[in-house]
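Undergrad: Attaching a single structure in structure tokens format; questions to follow.
Taken together, the values in this text are just the output of simple stated rules run on the coordinates, not laboratory data. Only a predicted model underlies this, so the values are computations on that prediction, with no experimental measurement involved. Cβ coordinates were reconstructed from backbone atoms using ideal geometry, including for glycine residues, and neighbour counts include every protein chain displayed.
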């Protein structure tokens, strides 16, 4: 049986299997029912490993061991395997999330927090900076930074950026509003943004800007700014810079304050 390496690589990625597992599994699929010895020959896998691999596949729900001698294995239909793998992955993910949730308030998390607090005190201000690659990572860091706001959040973004941020960060904005944090957002306002404006009504003050700048300032201390035009870059290759520097962040914040006064309220742009 000849199976292309590219196909095997895809199976490993989709089903989280090792190379021997995908070889034995595809070999069994091609036969329907077979012994461990036959499968090791077909898949070119050492016989000494075949039983362990088949036992692993059985536990993961890919094969069934047939009763009788010699021991044979039955291939489960791929569509059923997909459903089993999905169920197992969800179960594993739920268990991991539960385990992490249980860390809250424990000595382990308290010790980790203490280590981090003590470490931060020793860090030079110039070290509190970093690059963020990929829009997923950018939004994760943006969310965690905004969550820590005590006084103010300033956001400058694009039309599509405003829509994305409302979808991703609306619950965070609502919590900040309840805590009395002032949220100001600027973006080029178009008919596309009408839904986003409605979602943030009463939560954030939004004004129209002709600029396509992309940055966020939190409490006049932390600054995240994106380096590329989001219309011209794939989300995977988006890049941002995060700096924790009150001197620079407050300077940018002051410039924003001056420009903010000249901007029209977002609602007036849709009339």
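Undergrad: Hey, in the GNM for the chain with a 10 angstrom Cα cutoff, which one of 183, 71, 163 fluctuates hardest?
TA: 71
Undergrad: Next question, about the same structure. How long is the gain from residue 13 to residue 52 if the chain were fully straight, where each residue apart is worth 0.36 nm and the alpha carbon distance is subtracted?
TA: 12.0 nm
Undergrad: For the chain, compute Rh as the Kirkwood radius over C-alpha pairs and then the Stokes-Einstein diffusion coefficient at 4 °C and 1.567 mPa s; write the answer in µm²/s, rounded to an integer.
TA: On the way: Rh = 23.2 Å.
Here the translational diffusion coefficient equals 56 µm²/s.
Undergrad: What FRET efficiency comes out for the pair residue 177/residue 263, r = Cβ-Cβ distance, R0 = 25 Å, nearest 0.05?
TA: Values: r = 20 Å, r/R0 = 0.82.
Rounded to the nearest 0.05, the efficiency is 0.75.
Undergrad: Just to confirm my numbers, what's the Cα centroid distance between region 206-255 and region 167-193 in Å?
TA: Measuring centre to centre over Cα atoms gives 15 Å.
Undergrad: Quick check: the angle from helix 246-260's long axis to the longest principal axis of the chain, C-alpha only, nearest 10 degrees?
TA: It works out to around 60 degrees.
Undergrad: Considering only the chain, what is the antiparallel percent among its DSSP beta bridges, to the nearest 5?
TA: Values: 26 of 35 bridges.
Percentage antiparallel, nearest 5: 75.
Undergrad: Still on this structure, I have one more. When the chain is treated as a GNM, springs tying every alpha-carbon pair under 10 Å, which of 72, 170, 147 comes out with the largest mean-square fluctuation?
TA: 72
Undergrad: Got a sec? How would 256, 62 order by Cβ neighbour count within 10 Å, fewest to most?
TA: Details: 256 18, 62 25.
Ordered from fewest to most neighbouring Cβ atoms within 10 Å, 256, 62 come out as 256, 62.
Undergrad: Also, I was wondering about something else. Can you give the calculated 222 nm mean residue ellipticity of the chain, where each DSSP H run of n ≥ 4 adds -39,500 (n - 2.57) and the sum is split over every residue, rounded to the nearest 500 deg cm²/dmol? Could you put the intermediate results ahead of the total?
TA: On the way: 10 runs with 138 residues, N = 271.
Calculated mean residue ellipticity at 222 nm is -16500 deg cm²/dmol.
Undergrad: At 20 °C and a viscosity of 1.002 mPa s, what translational diffusion coefficient does Stokes-Einstein give for region 128-270, taking Rh as the Kirkwood radius over Cα pairs? Give it in µm²/s as a whole number.
TA: Numbers: Rh = 15.1 Å.
Answer from the Stokes-Einstein relation: 142 µm²/s.
Undergrad: Please give the FRET efficiency for residue 104 paired with residue 239, using the beta carbon to beta carbon distance and R0 = 30 Å, rounded to the nearest 0.05.
TA: Values: r = 33 Å, r/R0 = 1.09.
The computed FRET efficiency comes out at 0.35.
Undergrad: Related question: Which residue fluctuates the most in the chain, going by a Gaussian network model with Cα springs under 10 Å, if the choices are 157, 114, 79?
TA: Of 157, 114, 79, the Gaussian network model singles out 79 as fluctuating most.
Undergrad: Also, quick follow-up: For region 1-98, what is the per residue volume of the convex hull drawn over the alpha-carbon atoms, in cubic angstrom? The partial results should precede the final answer.
TA: Working: hull volume 9.7 nm³, N = 98.
Expressed per residue, the convex hull around the Cα atoms of region 1-98 is 99 Å³.
Undergrad: Label 7 Å along Cα→Cβ of residue 88; region 41-67 residues with amide nitrogen under 18 Å?
TA: The answer is 50-66, whose backbone nitrogens lie closer than 18 Å to the label point.
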